[in-house]
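Participant: Before I ask anything, here is the structure I am working with.
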């Protein structure tokens with residue numbers, strides 16, 4: 001599996017890529033996020049209720065800086081350890097430097113932010129006027145982040161609505177994105193939470209990854225599942241829902257891998273033609289840039305797609321997937 005996918009992604013990097021090829025959303029993504037987690041527009045009022053609501057997620061959501069700022073989402077950085085040295089994802093750890101360390105055989109570990117780190121984000125939102133906070137995080141099955149958030153919520157004086165997204169990576173990002181859209185339309189905090197839960201149940205993804213070796217390190221996917229994937233001679237196109245990893249199909253070429261991922265998206269659109277979808281296209285190391293460019297062009301040409309955002313699969317995803325991960329995530333608006 002690995003050899004075929006390596007040739008698949010390597011065939012795509014002959015042409016030099018600019019900012020768009022680096023997996024950027026409009027406005028840029030590869031820059032490191034400031035440690036001040038307040039976005040440019042941190043708060044929106046809900047006109048029907050007159051309550052100002054802060055919205056928080058964590059860096060495993062892989063939200064591009066520009067999108068988080070546009071939507072008014074505060075992002076708490078997770079901790080990434082490289083050979084025993086701790087870094088904050090999106091703050092003092094560059095994505096490309098991370099993948100270089102991974103390729104060099106560095107010992108990688110990830111951990112949740114401290115309750116104090118999250119409480120600091122909540123307090124800054126309160127100081128900016130938040131009367132309630134909605135805080136949605138990476139699945140509790142994967143991380144202790146939600147538990148840290150519970151402790152942090154007890155340290156602030158406004159109601160904090162905590163939500164386990166049940167997902168990781170940009171599937172979590174889509175949950176936060178949908179909550180921001182609900183807030184913008186005037187929803188109360190409870191309605192935002194309901195929207196997150198609705199999206200959590202229907203968000204979809206399709207992706208390829210070079211190897212399951214990193215997934216074995218995490219220990220969250222059963223070995224029998226990973227053994228079945230690894231034994232396939234082609235490149236499995238995968239979907240992950242919570243901790244369940246399933247095979248959507250098996251690709252023998254770059255074109256067939258892209259066709260399968262776009263086919264999964266088109267099937268979702270056909271099943272519910274009433275709703276357009278927002279789509280994230282993501283990739284890991286530099287070797288995936290060309291493949292994600294091709295995916296983006298195909299997604300943009302797909303009827304029923306409302307918006308496409310490019311993002312990088314950063315350290316807390318790459319630590320699980322390895323560098324050769326690329327794919328799509330989408331949810332109905």
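Participant: It is to be established whether one or more residues within the range 29-46 are at pLDDT 90 or above, surrounded by 14 or more Cβ atoms within 10 Å (Cβ to Cβ), within 24 Å of residue 326 (Cα to Cα) and in contact with a strand residue (DSSP E or B) (Cβ under 8 Å, 6 or more places away or on another chain).
Facilitator: no
Participant: Next question, about the same structure. Only one of (1) over 18 Å from residue 197 (Cβ atoms); (2) in contact (Cβ under 8 Å) with a residue 60 or more places away in the chain; (3) surrounded by fewer than 22 Cβ atoms within 10 Å (Cβ to Cβ) is not met by residue 130, so which one is it?
Facilitator: Result: residue 130 fails condition (3) only.
Participant: Of everything in the range 151-178, what is closer than 19 Å to residue 138 by Cα and touching a strand residue (DSSP E or B) at 6+ places or on another chain (Cβ under 6 Å)? Give them in sequence order.
Facilitator: 153, 160, 161, 162, 163, 165, 170, 171, 174, 175, 176
Participant: Is one or more of the residues making up the range 231-252 modelled with pLDDT of 95 or more and either over 16 Å from the mean Cα position of the chain (by Cα) or not in a strand (DSSP E or B) (or both)?
Facilitator: No, that holds for no residue.
Participant: Out of everything in the range 304-314 that is within 15 Å of the chain's Cα centre (by Cα) and part of a loop (DSSP other than H, G, I, E, B), what residue ends up being surrounded by the fewest Cβ atoms within 10 Å (Cβ to Cβ)?
Facilitator: So the residue we want is 314.
Participant: Regarding residue 196, is this residue crowded, with 18+ Cβ neighbours inside 10 Å, at pLDDT below 95 and in contact with a strand residue (DSSP E or B) (Cβ under 6 Å, 6 or more places away or on another chain)?
Facilitator: Answer is no for this residue.
Participant: Which residue, of 187, 143, is surrounded by fewer than 24 Cβ atoms within 10 Å (Cβ to Cβ), touching a residue at least 24 places away in the same chain (Cβ under 8 Å) and within 14 Å of residue 317 (Cβ to Cβ)?
Facilitator: Just one listed residue meets the conditions, 143.
Participant: Then there's this: Every residue in the range 97-116 that is touching a strand residue (DSSP E or B) at 6+ places or on another chain (Cβ under 6 Å), in contact (Cβ under 8 Å) with a residue 40 or more places away in the chain and within 30 Å of residue 183 (Cβ to Cβ), please.
Facilitator: Within the range 97-116, 110, 113 meet the criteria.
Participant: So, in the range 273-303, of the ones that are at pLDDT 90 or above and assigned to a loop (DSSP other than H, G, I, E, B), which residue ends up nearest to residue 203 (Cα to Cα)?
Facilitator: Here the answer is 276.
Participant: Which one of 163, 156 is part of a loop (DSSP other than H, G, I, E, B), outside the structural domain of residue 320 (by TED's automatic domain parsing), surrounded by 15 or more Cβ atoms within 10 Å (Cβ to Cβ) and without any contact (Cβ under 8 Å) to a residue 60 or more places away in the chain?
Facilitator: 156
The values are calculated or read from the model by the stated rules, or taken from the named source; none is laboratory data. Keep in mind that what you see is a predicted model, and the values were worked out from it rather than measured. Glycine gets a Cβ as well: all are built from the backbone with ideal geometry, and neighbour counts include every protein chain shown.
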